[in-house]
Every structure is written in C-alpha cells, then in structure tokens.
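Engineer: Quick one: structure below, then a few questions.
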C-alpha cells in the first residue's frame with residue numbers, strides 16, 4: 001500500500017510509547033531512522049506488522065496513555081509502523097471518546113452525569129467542577145455511565161504518563177477535593193449481600209451483629225469479598241477449575257449439551273440461548289473459530305460485570321477457557337471497556353498467573369488443548385458492546401455495527417466463526433458444569449433458569465449488585481436493597497434501552513418472560529430506582545442525550561433520529577405539545593424499524609414507556 | 001457492449017407484494033424488486049459499490065422479521081415474503097426522508113423532491129431550530145469541491161477512494177454520530193492528502209455534495225443547465241487502456257466528464273487525466 005504522509009514528526013516520547021508496544025521499527029520504511037541501506041533498497045514494513053491492523057487500537061491507547069492525546073506526528077508514526085492510511089487511523093481515533101486528537105492536559109477528570117449519578121446529584125457536582133476547572137474538554141469532561149453506580153455520583157480521573165495512573169471518586173460532593181490518588185473501596189462494598197446488613201437499612205437483622213447468613217443461592221457472587229482476587233490458590237481452594245476439569249471429562253460436545261440443557265440465555269441484554277449459539281459456532285467448518293468475551297459493559301446503570309471481573313477474575317478466565325474448548329477456539333479476546341482500570345489490572349494478573357501455571361497456553365492441564373486470551377481495551381464507545389461492532393473495534397476499524405446476516409457464528413471476528421458472550425453469561429458456565437445442567441435448570445423458572453445479577457442503583461437504601469434466582473419479584477429485590485429512599489416514583493428496568501415501570505407494578509416477576517409480558521425488559525439487569533425528587537423529564541433528556549452521543553452515525557434513522565428525539569424532549573420539557581408527542585412516536589417507530597443495530601432500535605424504548613406508563617408530558621401527569 | 005457472462009444461478013422463489021416470482025440465488029431484494037418493476041428509492045446504494053445500507057431509505061418489510069430489511073443488501077432467500085409498500089415500510093421511508101431533509105441540503109439530490117412528495121415527507125416539521133450539518137463548502141483545489149452541507153454520510157466516496165476502487169484511502173469518516181463528517185487526516189486540505197484527484201468519489205456521490213469545480217462555479221453563477229447539455233460517449237485518448245468517457249457538453253463546451261457505470265473497463269472510474277484533462281480540446285487560439 002502506498003501511504004502518503006504530511007510532515008508531522010512524532011516526539012521521542014510518542015515514538016517510545018508505540019515502540020514499547022510494537023518493538024523497534026525494522027527500517028526507515030516503517031518509521032525508523034534512515035540508514036544508508038534504506039536509501040538503496042525500498043522495503044515495506046515486515047509482513048507481521050502489515051497484517052496487524054488489529055494493533056491500531058492498542059497503539060492509539062499506548063500514545064494516549066503516555067501523552068494524554070494523539071498528535072498528528074504520533075498518528076503518522078503508528079500508521080507507518082502498521083501500514084495504515086492516516087485518514088483511516090484518524091477516523092478510528094476520532095471514533096472513541098477517551099481519545100483526543102487535540103492537545104489536552106495529561107490528567108483528565110471524567111465526571112459521570114448519567115442516570116444513576118444524576119439521580120444522586122451529579123448535576124451539582126458537574127456544575128461545581130465546571131466552575132472550578134473551566135469549560136469541558138481540557139482538564140475534565142462529562143462522561144456517560146462509568147459503571148460505579150453504587151458510589152454515585154462518581155468520577156474517574158485518567159492521568160497520562162509512564163505508567164498512566166487512575167483515581168476513582170465516589171460518592172462525590174460539591175466542593176470536594178480531587179486528590180491524585182484515592183483509596184478505592186474493596187469490590188465487596190458493591191455487594192451488600194456479602195456484608196453485614198447496615199444499620200441504615202430498615203430491615204437490618206436485629207441482634208445478629210455479624211454477617212447475615214449468606215443466602216444459599218449466591219452462586220455467581222459467592223467468591224466476591226471471600227477470596228483474594230489476585231490469588232489463583234484462593235480461587236482453586238473455593239472450587240475454581242473444577243468446571244474446566246469436568247469440561248475435559250465431558251468433551252466439547254458434552255459441554256455444549258450441558259449448556260443447552262441448563263437453559264442458560266445471554267445476560268448482556270438480548271437473552272439468546274447460549275447453548276444454541278455455541279452449537280452453531282462449534283459445527284462451522286471454517287477455521288479458526290474465535291471467542292470474544294464482551295466486557296464492554298456500558299449500558300447506563302450496569303456494573304455487574306465490573307464487580308465480577310474485579311472480585312472473581314479467575315472465574316472469567318476459567319469460563320472463557322471452557323467456552324474456547326467447547327467451541328474449538330484457540331484464541332479468545334476479552335474486550336473490556338476503557339473505564340475499568342481496576343478490573344483490567346486484575347484480569348491481566350489473572351491471565352498471567354493462569355499462563356504461568358499451565359491453565360492457559362499450550363496443553364492446558366495436560367489435555368492437549370491450547371487456548372490463550374488477549375485483552376483488548378475499549379476507548380469510550382457504548383456501541384462497541386454491540387456484538388458485531390466489537391469485531392470491528394478489535395480489528396482496528398471504527399466500532400460500527402455490521403449488517404446481519406451474516407451472523408457472528410458464520411462470519412464474525414476476522415471473518416471467521418465467532419462466539420460472543422457477555423461476562424455474566426460466561427461466568428455461569430463453570431457453575432453449570434460443577435452442579436450439572438439439571439440442578440442449574442431447577443433454579444429460577446422454566447424459561448429463565450439460574451440466578452441473575454441485578455444492578456440496583458438510584459434512590460435506594462443499599463445500592464449494589466444483588467444475585468437472586470429468576471422469578472423473584474421487583475418488590476423482593478427492592479426489599480433486599482432496603483427499599484427506596486423517599487417516595488418511590490418509578491423504576492427503570494434494563495437501562496437506557498429499557499423501560500420504566502410504575503411504583504404500583506412492583507409485582508412484576510424478574511424473568512425474561514415476565515418482564516416481556518409486562519411490556520418491559522430485563523436488559524442487562526439494571527434496576528434504577530427513582531423517587532419523587534428526581535425530575536423525570538430530566539431523566540428522559542439524559543437518556544436521549546446518551547443515545548445521541550453514542551450513536552455511531554452509520555444509519556440515518558439513528559444518527560438524525562436521536563438528535564430529533566432530544567430536540568423534541570427539550571421542547572416538551574418546557575411546554576406540552578401534542579405535535580411533539582406525535583413526532584416522537586413517528587421518529588421512534590422509524591428508529592425501531594429501520595436502524596441497523598440494537599442501539600437505534602431501542603433508543604426510543606425508555607422514552608416511550610415514560611410517556612405511556614408514567615404519563616410524562618401527557619395530561620395524566622400529576623405535577 | 002459486451003456483457004460479461006456469469007455462471008448460471010439456481011432460481012429461488014419469493015413473493016413480492018403478493019406476486020410469486022423466481023429470482024437468481026444471490027440476488028438482493030432490490031434486484032428482485034427492480035425486476036418486478038417496483039420503484040424503491042435508494043440513496044447510499046451504488047451500482048458499482050458493495051451496499052453499505054446506511055441511508056435506510058430502501059427498507060422493505062419481510063414477513064416474520066422483527067425489523068425492516070434494507071432491500072439493497074438483503075439477499076433473497078427461498079420463501080421470503082416481501083412487502084415493498086406496506087405502511088411500516090412507507091412510514092420509515094417517510095421519516096428517513098424527513099430526517100435527511102431537515103438536516104442536509106438535498107437541493108441537488110436527484111429524485112429527492114419527488115420522493116418527498118410521494119411519501120408525504122415534511123422536513124419542516126422539526127422546527128427552525130432543528131440541528132443541521134450546514135457548513136461552508138470546502139474549496140481547496142481547482143478540480144472538485146466538497147460541500148458537506150449536502151452530505152448524507154452514505155460512505156460511497158470513502159468506499160470509492162478506498163479498497164473498492166481507487167485504493168488511495170485519502171478520506172474516511174471522522175468523528176461519531178451526528179457530528180461525523182467525511183474527512184482527511186486531521187482535516188488536512190486535499191492537496192496535502194493522499195488524494196490523486198481521480199474524481200471517482202464525485203462520480204458516486206448521490207447528493208451533489210461532491211461536485212466538479214466547473215459545475216460548482218456554473219451553479220453558483222446560475223449558468224448550469226442540464227436541459228441544454230448533451231452527453232456523448234467516446235474513448236479517452238490519453239493511454240491505451242481505452243476507458244469510455246461521457247462528455248457532458250453545454251453550449252459547445254465540455255462542462256463535465258463521467259464514465260458509464262456499466263462499462264466493463266472503467267465501471268465508472270477514471271483517472272485524473274480522463275476526468276479533468278479535457279481543456280486542450282476547447283482551447284481555441286484567439287487568432288483562429
């Protein structure tokens with residue numbers, strides 16, 4: 001490929017950051033210093049580099065991590081190294097919100113202004129930050145959900161350097177300091193079921209004083225706060241890797257049969273039967289097969305995967321190994337969102353420990369099965385959680401969803417058969433193998449089996465991750481979380497792409513079929529509680545703003561429709577208008593019918609349910 | 001003109017608007033609908049490019065599917081029951097035209113007005129404050145103009161510049177969502193970019209966002225008049241490849257050069273010489 005560059009040179013620091021990832025350049029022809037040899041012989045970048053377009057995203061991260069932004073010199077250097085046209089690399093760099101192609105400070109504070117944080121006063125924090133640090137974009141920026149909802153309102157500081165540093169803040173308060181380092185609470189602080197019931201809860205168990213008895217049905221969360229997340233020995237001592245051993249006994253087909261019989265369905269939001277996905281992938285003749293673990297948890301109000309990855313990272317590694325074994329994959333990609341520094345560190349540790357102990361790599365447990373995991377870090381794009389956008393992102397292209405068909409099981413990552421599963425889905429698998437499909441399927445209801453993690457946030461007494469068997473009602477869950485603070489107004493189920501339910505609908509069973517029958521959705525397990533102090537039009541505006549920001553821009557219904565939806569909601573929040581309600585419905589219907597992917601198709605769900613069920617903006621509303 | 005032979009294809013049966021028809025396997029729904037004489041609007045579809053299905057104006061209803069299907073890229077499958085004119089499909093087309101019409105200048109988009117009328121689209125309903133992509137035209141070279149206020153982000157120029165035709169990769173989509181634009185790296189002028197000025201992006205642009213400088217200037221001056229133009233297809237005299245050129249002539253002056261999309265040599269593509277190197281034909285010495 002004939003590349004053309006302008007005269008921008010990388011700084012020594014930018015060059016070093018890229019070289020730390022890619023190694024030193026082989027000649028002047030791929031970005032090195034010019035020697036006499038280079039003047040006599042034209043060569044290209046080595047083939048390994050030319051075939052590694054998928055290293056573009058890590059290379060952009062390397063520069064952004066070191067310097068804080070991506071200059072033209074740095075971008076050109078990456079392009080020379082990987083043989084990528086600069087216009088394409090620029091288009092990828094500008095796709096992600098964590099990257100900047102304009103100079104900015106090394107330390108950038110990301111202040112969450114999303115739903116759960118907004119319900120807890122994030123707006124005041126944001127205004128305070130803006131007053132103190134000036135307009136956004138240089139030293140701070142408002143952020144979509146950071147997945148720190150139990151600590152709302154939350155913020156995350158990302159500081160470029162060698163090594164880069166992070167600090168997490170929450171709950172934030174107006175006028176607070178923003179120290180460069182913070183002590184982050186342990187992960188189990190996000191799991192109220194594992195700690196003594198606080199004195200604040202109305203249903204605190206009197207007299208017990210110590211831990212409340214751990215519910216027997218705590219399966220996915222059973223190790224959170226119990227094991228050291230850095231210790232493989234702890235993991236094995238608590239039953240870790242018995243699932244993989246069982247998998248080797250069953251063989252790949254046996255594993256798939258168990259997963260099929262367990263009734264496990266995807267936990268990322270779409271609720272597709274995992275066993276059927278695996279069956280379809282495993283039987284594809286085209287090779288190699290890939291596994292992608294979708295840890296790009298970005299649905300506003302969702303933080304279950306973060307808690308799993310931070311508290312029980314080896315479980316995900318084991319689960320991916322089992323999935324790789326069942327589906328005939330030699331390589332799995334773990335795509336984790338860029339806003340999860342602690343989860344990333346713990347997974348990196350888990351992978352390297354597992355590798356050093358023969359649990360990843362060649363000939364795992366002496367069974368002749370080889371499997372390894374590569375971590376890919378997202379860079380701030382909700383859309384990359386879409387199952388085909390994630391492929392484009394990993395491959396080094398813009399994270400735009402692909403057209404289906406073909407489906408991932410046929411043509412996925414690098415055009416090969418690929419199985420994509422959410423973190424929570426995968427983490428269920430070792431348990432299924434340990435306890436057996438029948439025992440697993442006995443938990444929950446007939447069409448929603450097992451247990452489910454719920455991300456309870458907003459105006460609730462004890463926000464956090466709760467694990468309950470499918471079939472518990474929304475009321476049970478809220479009771480478990482200590483109930484709403486103040487007068488309960490509504491609950492948003494399923495996140496920004498979900499639906500609102502009223503305070504008198506708490507008997508909805510939390511199952512896929514139950515929520516569907518009630519015209520709502522479980523989605524990714526978001527349960528955002530809103531009391532009467534929260535302004536619903538403001539919540540809807542924030543949802544609309546979120547979709548407008550996160551639309552990739554590929555298809556017209558979503559790219560323009562999300563803008564028109566936001567504009568109409570702005571108008572409606574000032575004055576009621578039948579015309580704007582009709583407009584919302586018409587645009588919403590077109591987004592649902594004609595958008596390429598689930599983002600556009602669901603961008604109007606929550607707004608619709610707020611209008612229809614809660615009576616927001618209509619005469620029924622009592623305000 | 002020679003028609004390249006293709007291996008015979010199995011015929012599959014589908015139903016379009018209640019009528020059973022047989023189409024070759026591998027055909028898209030758009031192919032099938034065109035064969036059946038249905039008029040499906042398209043914008044981002046290009047006859048020389050692989051479908052991007054970004055504009056969604058060609059959506060049709062496929063029975064049993066949760067969402068509408070883009071006719072331009074969805075392949076016909078045996079037994080498919082397709083409705084090209086259902087209320088759902090018409091509604092989405094109408095809204096898509098409204099969304100585009102309210103955010104993009106469609107004044108030079110062929111058929112836009114007719115489609116708006118046919119589907120009852122009213123772009124003005126979003127109000128005067130509706131966000132648009134308006135920006136001044138980019139004139140940074142003598143050969144063609146980029147007027148992104150008219151850009152519907154169909155990706156055709158990017159595909160034509162990139163791996164589907166020219167392999168120059170001078171432009172791509174930068175940014176995200178409503179703020180996304182077609183751009184060179186760091187928005188550098190085209191003359192600094194990898195652009196080779198083949199004009200193949202202009203050839204595929206469906207809205208006139210990309211136009212030859214000559215046409216742009218004449219439109220500004222109000223002298224561009226397609227009714228007074230003739231089109232003559234000839235062969236480029238620059239080299240031995242034998243590309244077909246279609247000369248658009250107004251008042252005995254060549255005002256634009258295109259190439260037939262069905263030409264087996266060019267598929268509508270040309271190089272800078274064929275596309276822009278015509279001035280010598282009409283340089284008449286002043287003394288005769």
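The values are calculated or read from the model by the stated rules, or taken from the named source; none is laboratory data. Just so it is clear, the model here is predicted, and its values are computed rather than measured. Every residue, glycine as well, gets a Cβ built from its backbone with ideal geometry; the counts of neighbours run over all protein chains shown.
Engineer: Quick one: residue A:549 ticks every box in (1) touching a residue at least 24 places away in the same chain (Cβ under 8 Å); (2) touching a helix residue (DSSP H, G or I) at 6+ places or on another chain (Cβ under 7 Å); (3) outside any strand (DSSP E or B); (4) crowded, with 23+ Cβ neighbours inside 10 Å bar one, so which box is it?
Structural biologist: (4)
Engineer: All but one of (1) surrounded by fewer than 22 Cβ atoms within 10 Å (Cβ to Cβ); (2) closer than 23 Å to residue A:570 by Cα; (3) more than 8 Å from chain A (Cβ to nearest Cβ) hold for residue B:196; state the number of the condition that does not hold.
Structural biologist: (2)
Engineer: Filter segment B:74-95 down to the residues that are within 11 Å of chain A (Cβ to nearest Cβ) and touching a helix residue (DSSP H, G or I) at 6+ places or on another chain (Cβ under 7 Å), then identify the one that is surrounded by the most Cβ atoms within 10 Å (Cβ to Cβ).
Structural biologist: Ranking the qualifying residues of segment B:74-95, first place goes to B:92.
Engineer: Do we find that residue B:29 is more than 26 Å from residue B:161 (Cβ to Cβ) and either assigned by TED's automatic domain parsing to the domain that holds residue B:200 or in contact (Cβ under 8 Å) with a residue 40 or more places away in the chain (or both) in this structure?
Structural biologist: yes
Engineer: Take segment B:165-182 and flag every residue that is in contact with a strand residue (DSSP E or B) (Cβ under 9 Å, 6 or more places away or on another chain), surrounded by fewer than 22 Cβ atoms within 10 Å (Cβ to Cβ) and within 7 Å of chain A (Cβ to nearest Cβ).
Structural biologist: Across segment B:165-182, the qualifying residue is only B:175.
Engineer: Also: Anything in segment A:30-46 that is free of Cβ contacts under 8 Å to residues at least 24 places away in the same chain and within 19 Å of residue A:75 (Cβ to Cβ)? List them, or say none.
Structural biologist: Matches in segment A:30-46: A:32 only.
Engineer: What number of residues in segment B:30-73 are crowded, with 21+ Cβ neighbours inside 10 Å, under 21 Å from residue A:551 (Cα atoms) and either at pLDDT below 95 or out of contact with any strand residue (DSSP E or B) (no Cβ under 8 Å at 6 or more places or on another chain) (or both)?
Structural biologist: Residues flagged as crowded, with 21+ Cβ neighbours inside 10 Å, under 21 Å from residue A:551 (Cα atoms) and either at pLDDT below 95 or out of contact with any strand residue (DSSP E or B) (no Cβ under 8 Å at 6 or more places or on another chain) (or both) within segment B:30-73 amount to 7.
Engineer: Continuing with the same structure: Just to be sure, is residue B:191 surrounded by fewer than 21 Cβ atoms within 10 Å (Cβ to Cβ), within 14 Å of another protein chain (Cβ to nearest Cβ) and either under 26 Å from residue A:596 (Cβ atoms) or free of Cβ contacts under 8 Å to residues at least 12 places away in the same chain (or both)?
Structural biologist: no
Engineer: Does any residue in segment A:357-375 that is without any contact (Cβ under 8 Å) to a residue 12 or more places away in the chain come within less than 6 Å, Cβ to Cβ, of a residue that is assigned to a loop (DSSP other than H, G, I, E, B) six or more places away or on a different chain, and which pairs are these?
Structural biologist: Within 6 Å, the pairs are A:362/A:370.
Engineer: Next question. Scan segment A:523-546 for residues that are assigned to a loop (DSSP other than H, G, I, E, B) and closer than 30 Å to residue A:92 by Cα and report the count.
Structural biologist: Count: 2.
Engineer: Follow-up. Could you check segment B:102-128 and list, in sequence order, the residues that are surrounded by 14 or more Cβ atoms within 10 Å (Cβ to Cβ), more than 10 Å from chain A (Cβ to nearest Cβ) and assigned to a helix (DSSP H, G or I)?
Structural biologist: B:112, B:115, B:116, B:118, B:119, B:123
Engineer: Residues that are outside the structural domain of residue A:152 (by TED's automatic domain parsing) and farther than 14 Å from residue A:116 by Cα: list the strands (runs of 3 or more DSSP E) wholly contained in segment A:454-507 that include at least 3 such residues.
Structural biologist: So the answer is A:464-469, A:499-502.
Engineer: For segment A:446-460, give me each residue that is in contact with a helix residue (DSSP H, G or I) (Cβ under 9 Å, 6 or more places away or on another chain) and either crowded, with 17+ Cβ neighbours inside 10 Å or closer than 27 Å to residue A:534 by Cα (or both).
Structural biologist: A:448, A:449, A:450, A:451, A:452, A:453, A:454, A:455, A:456, A:457, A:458, A:460
Engineer: While we're here: Considering segment A:552-566 alone, what residues qualify as being at the interface with chain B (Cβ under 7 Å from one of its Cβ atoms) and in contact with a helix residue (DSSP H, G or I) (Cβ under 7 Å, 6 or more places away or on another chain)?
Structural biologist: Result: A:552, A:553, A:555, A:556, A:557, A:559, A:560, A:561, A:563, A:564.
Engineer: Restrict the check to segment A:586-600 and report whether at least one residue is touching a residue at least 40 places away in the same chain (Cβ under 8 Å), surrounded by fewer than 24 Cβ atoms within 10 Å (Cβ to Cβ) and part of a helix (DSSP H, G or I).
Structural biologist: yes
Engineer: Would you please name the residue that is nearest to the chain's Cα centre (by Cα), looking only at residues in segment B:274-288 that are surrounded by fewer than 15 Cβ atoms within 10 Å (Cβ to Cβ) and in a helix (DSSP H, G or I)?
Structural biologist: B:279
Engineer: If you don't mind, another one. Which residue is surrounded by the fewest Cβ atoms within 10 Å (Cβ to Cβ), if the candidates are limited to segment B:136-164 and must be part of a loop (DSSP other than H, G, I, E, B) and either within 11 Å of chain A (Cβ to nearest Cβ) or free of Cβ contacts under 8 Å to residues at least 24 places away in the same chain (or both)?
Structural biologist: B:136
Engineer: Another question about this same structure. Which of the residues that make up segment B:134-156 are farther than 19 Å from residue B:189 by Cβ and assigned by TED's automatic domain parsing to the domain that holds residue B:255?
Structural biologist: Those that are farther than 19 Å from residue B:189 by Cβ and assigned by TED's automatic domain parsing to the domain that holds residue B:255: B:150, B:152, B:153, B:154, B:155, B:156.
Engineer: Of everything in segment A:252-281, what is in contact (Cβ under 8 Å) with a residue 60 or more places away in the chain, in a helix (DSSP H, G or I) and buried (at least 18 other Cβ atoms within 10 Å of the Cβ)? Give them in sequence order.
Structural biologist: A:252, A:255, A:256, A:258, A:259, A:262, A:274, A:277, A:278, A:281
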